[in-house]
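Data first, discussion second: the structure below is written as structure tokens.
The values are calculated or read from the model by the stated rules, or taken from the named source; none is laboratory data. Keep in mind the model is a prediction, meaning the values are calculated, not measured. Cβ placement follows ideal geometry from the backbone for every residue including glycine, while neighbour counts extend to all protein chains displayed. We work out accessible area using only protein heavy atoms, side chains counted, and drop any ligands, DNA or RNA first. Shrake-Rupley method; radii C 1.70, N 1.55, O 1.52, S 1.80 Å.
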Number of protein chains: 2
Amino acid sequence: MVSLPKLRPIDPPSAAFLLAESKNQPMHVGGLQLYERPDGAGPDFVRELFEASTSSDEEVMPLFLKHPYRSVKTAGQLFWREDDQFDIEHHVRHNALPTPGRVRELLELCSRLHSTRLDWERPLWEAHLIEGLADGRVAMYTKIHHGLVDGISAMRLMQSTLSTDPDERNMPAPWTKRAIRSSRSKSRDDAATTDAAHTLSTLPGDALRTALGVTAEAAGMPAALVKTLSKGMRNEASTVSFHAPRTMFNRSITSARRFAAQDWPIERIRGVGKAAGVTINDVVLAMCGGAIRTYLIENDALPDAPLVAMVPVGLKAKESHLPSAEGGNAVGAVMARLGTDQADPGDRLRAVHRSMKDGKDALESLTPVQVLAMSAIGQAPAILGPALKMQGIIRSPYNLIISNVPGPRTTHYWNGAKLVGNYPLSIPINGMALNITCTSYDGNMGFGLTGCRRTVPHLQRLLTFLDDELAALEKAAGV
Amino acid sequence: MVSLPKLRPIDPPSAAFLLAESKNQPMHVGGLQLYERPDGAGPDFVRELFEASTSSDEEVMPLFLKHPYRSVKTAGQLFWREDDQFDIEHHVRHNALPTPGRVRELLELCSRLHSTRLDWERPLWEAHLIEGLADGRVAMYTKIHHGLVDGISAMRLMQSTLSTDPDERNMPAPWTKRAIRSSRSKSRDDAATTDAAHTLSTLPGDALRTALGVTAEAAGMPAALVKTLSKGMRNEASTVSFHAPRTMFNRSITSARRFAAQDWPIERIRGVGKAAGVTINDVVLAMCGGAIRTYLIENDALPDAPLVAMVPVGLKAKESHLPSAEGGNAVGAVMARLGTDQADPGDRLRAVHRSMKDGKDALESLTPVQVLAMSAIGQAPAILGPALKMQGIIRSPYNLIISNVPGPRTTHYWNGAKLVGNYPLSIPINGMALNITCTSYDGNMGFGLTGCRRTVPHLQRLLTFLDDELAALEKAAGV
């Protein structure tokens, strides 16, 4: 007798992320981590790490064993089923960069890895160990379906397996049961804040996921949410009353992706913020606004009205009146004008700051249901898109999502390898071809830009423009 | 005024291959070529080759510029459209193998490259230059949609750009217009035969494609073909009267692929054939039969009845009474019993030989329309599958396709790099999870095995079994 794998129901938001997936719109998030080799690592360091990861007896955690399943027997409904032929070598892979092994080749590889859809017949994740960087560093690209875990939780999951002790060895791979156990014991240390308030700062690992779960269950996703939202949008005083101009980013997308990433010292960003009396997040948004302005001018595609970014922000539990995991915070969204209509960097920073301040003030005046709706938009634009259209809201109220997720403040290690860079890869969707997600780590702010390769040509040029913009902001602020 | 790209209609077989594609059934063929570095090639040889290929001013041939397109304006019908944003860097890529850079790592990379679908928003092909083999050889994996070109033509297309002159330089890349021009001037040299008659031997480059085109146009693809075919199948004397047993290969497939390849000296295969009085192709089929038998025994899945392979064979034009390009040959198909029920290698070879001889005799007695139908099965099992079911023919008359396509007999070079290995990657389809395609080159017979990674586990073990089987056949034949 063969025992059949058990079927478990898929919660509505996860199912929604699964069903939103199509050939041109894969719904997975990714992460790119850069490590330095530990002292004494031989030329076969990555190969050994790979072999240890795939041949260990460690039990894989259930999250990484289940895949979506439907059949005549399930009446066409999606269920989670354990993969009874789980094949670790399908999920964990060993890659190499071609010569000359610059960051450029690394980003090109990650772009391609991020373009391919996960196979629904298998658990929805991959981890790629990458060797061949000319400077000897080692990279890990990870990929996980948004229906399994949201981007922030995925990054935390990966980070949770790291240690602050450079001498610790025999550490588990992030997909093992032991990794989860060890993460629980030290999760508090890493809940670092890089910004004072109103960011995702002190958010516990599961909060976002929970917020969305609550949203869906409480409000009957997505129709009721859209109703609330559309009310808000018709109210000119609301945070969501902006009309985003149409831009080249707000078109249909194709299946190929381009990823670019770079980091800048938080000290420089903080310096601008202090001098100008604004938050670090405001400076990050002004950098994005300035870089996008230059990019659009180069493409002869700058609209007169300023672009609007949807910026997820953390909300204190008592303000949001929301139930949340571990008594933590909930997530709201602010629509921020990016000042792309301003030629002067100082003016742009002030415009961004004003817009963020208005948005956060308005957010605090929203009802809990409105906050939930905001949260859902932030998490699920692809799902809400069609629903918005049904409500007669043809155009999205924003042009792109810019998230800023704080990461660990201190140096971390994995089996002695020092983590030196950490960049998120997000999900471009139809009508929203560019996503910017930032995360801080060990004194640096890492920017991860993910775009449709065709709709956002030469995406990597935005890195140069971000760099130019930080320098211009420093000059404008007199730093 | 922007001039819109012109739309051209897609011929019915090409459209059928496009429409047969699904998430789990990508419809592209591939090729893996191994080269030795030319004398004096530096460490950046592959990088330079890559840069020369992507930055040249050579005009790309129209075949490699068109992509399928449909919209409301085309009333949902598929058309070819020229890609007006053609981006060579999306199509030509530079890859590297991780340490230790064995053939195993190369096959693993090709397996993954062959698993991903081509993007319909772009021309349907990719070429990957691969460095990092420990022995210094360089690989090229190419991928092209079956709707654009069939597997054999694709291989010939790639081969057509090669030269027999090791000192020739400044040779065009296979996707350029110049490559096609140079191939016409020398195509006759390479139309080599490795088997006496009834193989695809003297087939000119376009014949297969033409045969299928004729099929579709003449008989109203696929319904009329199936009618003919189903008549044939109810006639016990026909070549298609076999009943293939159900095997583990004849199940639904998933999207991931595994590819394995190896070659053996034709001299050894010919030696067995001569001693046993059979053709080289018979020996190749007996090797496959023996290897599959061992594989199925290992998986506790050997059926009592022998497996049946569909084997495409060439037909002389006068025998087939068919119109064909350049007065060449047409293609038929023989259903060959693989002798998997025979424990003795000698018995198996005799069984294969008898079965092939009966099939070829029967094929010669078929009417032209029946031959056309056979040809269509060989080319389009994925298309005919559903049609067969509608005709009440639930089970396929064969378990897998084994093709043997002759290649050039002499040593060839690309810009001084000596071609030392040449292996085809084919298309597993639902109900037919394994494909074996062989091709000869410069004294060796290369076997390319392409399977669904899940349905055909540990596919690479078949290589060991093929090797064992050739030795066993030599022993049985007293070589």
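Let me confirm something: among A:LYS6, A:LYS23, which residue is within 30 Å of A:MET432 (Cα to Cα) and charged (D, E, K, R)?
On the way: A:LYS6 fails: within 30 Å of A:MET432 (Cα to Cα).
Result of the check over A:LYS6, A:LYS23: A:LYS23.
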Filtering region B:406-442 down to residues that are in a strand (DSSP E or B) and surrounded by fewer than 20 Cβ atoms within 10 Å (Cβ to Cβ) yields B:LYS418, B:VAL420, B:GLY421
When region B:131-151 is checked residue by residue, the ones that are in contact (Cβ under 8 Å) with a residue 60 or more places away in the chain and facing another protein chain (nearest Cβ under 10 Å) are B:GLU131
Listed by first then second residue, the pairs whose first member lies in region B:5-34 and is charged (D, E, K, R), whose partner is part of a strand (DSSP E or B) and at pLDDT below 85, with beta carbons under 9 Å and at least 6 positions apart or on separate chains, are none
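Looking at region A:253-284, which of its residues are outside any strand (DSSP E or B) and among the basic types (Lys, Arg)?
A:ARG268, A:ARG270, A:LYS274
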If you go through A:SER22, A:SER55, the only one that is within 27 Å of B:PRO98 (Cα to Cα) and of a type outside the set (Lys, Arg) is A:SER55
Of the residues in region A:274-292, those that are buried (at least 24 other Cβ atoms within 10 Å of the Cβ) and small (Gly, Ala, Ser) number 4
Residues of region B:117-128 being open to solvent by less than 20 Å² (accessible area, probe 1.4 Å) and at the interface with chain A (Cβ under 8 Å from one of its Cβ atoms), in sequence order, are B:ASP119, B:ARG122
Inside region A:432-471, the number of residues satisfying the requirement of being more than 21 Å from A:GLY31 (Cα to Cα), away from chain B (no Cβ under 14 Å) and in contact with an Asp or Glu (Cβ under 9 Å, 6 or more places away or on another chain) is 1
When restricted to A:GLY407, A:GLY416, A:GLY446, the only residue under 21 Å from A:ILE144 (Cβ atoms) and at pLDDT 90 or above is A:GLY446
Note: among B:SER22, B:SER71, just one is hydroxyl-bearing (Ser, Thr, Tyr) and within 20 Å of the chain's Cα centre (by Cα), namely B:SER22
Matching residues in region B:302-327 (modelled with pLDDT under 55 and open to solvent by 10 Å² or more (accessible area, probe 1.4 Å)) number 11
A:GLU474 fails exactly one of (1) in a loop (DSSP other than H, G, I, E, B); (2) at pLDDT 70 or above, namely (1)
Please determine whether any residue of region B:11-32 is within 13 Å of another protein chain (Cβ to nearest Cβ) and within 27 Å of B:LEU162 (Cα to Cα).
no
Residues of region A:66-116 being within 10 Å of another protein chain (Cβ to nearest Cβ), part of a helix (DSSP H, G or I) and open to solvent by 30 Å² or more (accessible area, probe 1.4 Å), in sequence order, are A:GLU89, A:GLU108, A:ARG112
ask   = Looking at this structure, is A:PRO43 over 29 Å from B:VAL456 (Cβ atoms) and within 11 Å of another protein chain (Cβ to nearest Cβ)?
value = yes
